[in-house]
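Reading through the structure tokens given below for one structure.
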Amino acid sequence: MASLNYKHLHYFWTVAKSGGVTRAGERLHLTAQTISGQISLFEESLGYKLFKRVGRRLELNDEGRMVFDYAERIFSLGEELEEALRLRPGGRALQLRVGVADAVPKAIAYLLLESALAMPDPIRIICREGKLDVLLADLAIHKLDIIIADSPMPPNVDVRGYHHLLGECDTSFFATPELARRYRKDFPRSFDGAPFLMPGEDAAVRPRLLRWFEKEKIRPQISGEFDDGALLLAFGDAGAGIFAAPSAIAAQIRKQYGLVEIGRTDAIREQFYAISVERRLTHPAVLAIQSAARGNLLVGSTGSTSEEPPARRKATTAAGGRRS
């Protein structure tokens with residue numbers, strides 16, 4: 001196959017989006033005959049037909065749908081590039097596209113991103129929340145600049161990326177005042193049989209919590225499991241059970257929700273990462289986040305456990321164990 005002709009690809013994309021050759025010709029200011037000829041040349045260069053005729057209409061076939069998906073990504077990125085170039089010279093907002101893994105507490109995400117908002121140059125932050133694997137797919141095709149996650153780059157995904165440790169903190173346990181009065185004494189032994197709200201299986205802190213329960217010989221009554229941290233917090237605020245959260249946001253949880261911190265432990269360290277396709281971070285907003293994160297997240301323990309916190313990991317490692 002000859003090298004891809006992007007003008008032909010654009011004609012094809014416009015026909016597919018417009019629903020026909022005539023409408024595409026109107027948008028492109030070309031005759032329908034010219035468009036049809038260019039599409040035929042494009043199909044010939046690819047070696048595949050891309051449309052099928054249904055009555056008087058043209059519809060994409062399987063190959064056409066695949067080519068259209070790629071064309072959507074290509075021209076969407078082109079539009080983003082044009083927008084970015086338009087914004088920069090006039091001193092308007094620099095854009096930062098951030099994916100936030102749904103296991104990351106919303107307050108932690110804000111704590112990390114607020115340093116970017118404080119930059120002297122204006123910035124526009126575009127946040128997307130979702131499962132880490134979905135966000136990684138968007139990162140791979142440059143729909144995102146970084147992902148904020150509670151775990152390093154997974155080793156079993158077919159995406160070349162690097163994780164950068166932003167910071168870590170202890171884990172605190174919260175409940176409504178009524179529940180706190182019942183379970184605060186003799187923490188953490190008091191948690192045995194207590195109602196507990198567990199993070200979902202995607203949360204990196206979940207296996208650490210389970211190991212800690214086992215080590216402390218605690219068997220709480222699991223009242224619910226939640227993939228979304230905000231929903232878990234809502235149930236905790238309603239008094240459905242005790243829940244764990246990063247100690248870095250303990251003051252905010254106490255103030256905003258009126259919940260009580262029962263205790264905290266340094267045996268469970270929550271870590272937060274920026275995942276990018278860059279071995280070295282270069283985006284100015286991301287650098288500001290990385291610089292400020294250490295001070296915002298490195299929270300020491302005042303809890304009752306005596307276990308030493310785990311050794312700190314290197315700030316940046318790559319997928320599959322590669323170190324930057």
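Amide H to amide H, which residues 5 or more places from Ile262 or on other chains are under 5 Å from it, using H placed in the peptide plane?
Here the answer is Phe173, Phe174, Ala175, since their amide H atoms fall under 5 Å of that of Ile262.
Just to check I understand the Karplus step: with θ = phi - 60° and J = 6.51 cos²θ - 1.76 cosθ + 1.60, what whole-Hz values come out for the range 94-109, glycine and proline as x?
Calculated HN-Hα couplings, in order: 6, 9, 10, 9, 10, x, 10, 4, 5, 7, 7, x, 4, 5, 5, 4 Hz.
I'd like the antiparallel share, as a percent to the nearest 5, of DSSP beta bridges with both residues in the range 1-147.
The antiparallel proportion sits near 30 percent.
Given Lys131/Lys217; Lys185/Lys255; Lys185/Lys217; Lys185/Lys215; Lys17/Lys106; Lys52/Lys143, which pairs have Cα atoms separated by over 27 Å? All intermediate terms of the calculation are to be shown ahead of the outcome.
Numbers: Lys131/Lys217 32 Å; Lys185/Lys255 22 Å; Lys185/Lys217 17 Å; Lys185/Lys215 19 Å; Lys17/Lys106 37 Å; Lys52/Lys143 31 Å.
Long pairs (Cα-Cα over 27 Å): Lys131/Lys217; Lys17/Lys106; Lys52/Lys143.
Among DSSP beta bridges lying fully in the chain, give the percent that are antiparallel, nearest 5.
Values: 27 of 46 bridges.
Of all bridge pairs located within the chain, approximately 60 percent are antiparallel.
Is the range 88-185 best put as rounded, prolate or oblate by its Cα gyration tensor, with a ≥ b ≥ c the root eigenvalues, rounded for a/c under 1.5, and otherwise prolate when a/b is larger than b/c, oblate when not? Walk me through the intermediate numbers first.
Values: a/c = 2.81, a/b = 1.51, b/c = 1.86.
Here the range 88-185 falls in the oblate category.
Whenever you get a sec, compute what percent of the accessible area on the chain sits on carbon and sulfur atoms (1.4 Å probe). Display every interim value, and only then the final one.
Working: 8740 of 17370 Å².
Its accessible area is 50 percent carbon and sulfur atoms.
For the range 133-229, what is the convex hull volume of the alpha-carbon atoms per residue, in Å³?
Numbers: hull volume 12.6 nm³, N = 97.
Roughly 130 Å³ of hull volume per residue.
Are there chymotrypsin sites (Phe, Trp or Tyr not before Pro) in the range 24-60 that DSSP puts in a loop and that have at most 15 other Cβ atoms within 10 Å, and which ones? Working shown, then result.
Numbers: sites: Phe42, Tyr48, Phe51; in loops: Tyr48.
Sites meeting the loop and neighbour criteria: Tyr48.
Taking springs between alpha-carbon atoms closer than 10 angstrom, which of Leu135, Leu96, Leu60 fluctuates most in the Gaussian network model of the chain?
Among Leu135, Leu96, Leu60, the largest mean-square fluctuation in the Gaussian network model of the chain belongs to Leu60.
Could you give the angle, 0 to 90 degrees to the nearest 10, between helix 32-46's Cα long axis and the longest principal axis of the Cα atoms of the chain?
With rounding to tens, the tilt is 60 degrees.
Could you state the accessible area per residue of the chain in Å², with a 1.4 Å probe and every protein chain left in place?
On the way: 17370 Å² over 324 residues.
In whole numbers, the chain has 54 Å² accessible per residue.
Could you work out the mean projected area of the convex hull around the alpha carbons of the chain, in square nanometres to one decimal?
Working: hull surface 87.3 nm².
Averaged projected area of the chain's Cα convex hull equals 21.8 nm².
Using only the C-alpha atoms of the range 1-157, find the volume of their convex hull and express it per residue in Å³. Mind dumping the intermediate values first?
Details: hull volume 25.9 nm³, N = 157.
Hull volume normalised by residue count: 165 Å³.
Quick one: what are the phi-derived ³J(HN,Hα) couplings along the range 217-231, Karplus 6.51/-1.76/1.60 with θ = phi - 60°, whole Hz, x for glycine and proline?
Rounded to whole hertz, the list is 6, 10, 10, x, 8, 6, 8, x, 10, 9, 6, 9, x, 5, 5.
Short version: ³J(HN,Hα) in whole Hz for each residue of the range 11-28, in order, from phi by Karplus 6.51 cos²θ - 1.76 cosθ + 1.60 (θ = phi - 60°), x for Gly and Pro, what are they?
Result, ordered by residue: 4, 4, 4, 5, 4, 5, 6, 7, x, x, 5, 4, 5, 4, x, 5, 5, 8 Hz.
Taking the Cα centre of the chain as origin, sum charge times position over the Cβ atoms of Lys and Arg (+1) and Asp and Glu (-1), and report the length of that vector in debye to the nearest 20.
Numbers: 44 positive and 40 negative charges, 68 e Å.
For this selection, approximately 320 debye.
Shape call for the range 173-270 from the C-alpha gyration tensor, a ≥ b ≥ c root eigenvalues: rounded (a/c under 1.5), prolate (a/b greater than b/c) or oblate? Write down the numbers at each step before the final one.
Values: a/c = 1.32, a/b = 1.09, b/c = 1.21.
Verdict is rounded for the range 173-270.
The values are calculated or read from the model by the stated rules, or taken from the named source; none is laboratory data. Predicted model only: the values in this text are computed from it and were never measured. Methodologically, a virtual Cβ is constructed for each residue, glycine included, from the backbone with ideal geometry; neighbour enumeration extends over all protein chains shown. We work out accessible area using only protein heavy atoms, side chains counted, and drop any ligands, DNA or RNA first. Shrake-Rupley method; radii C 1.70, N 1.55, O 1.52, S 1.80 Å.
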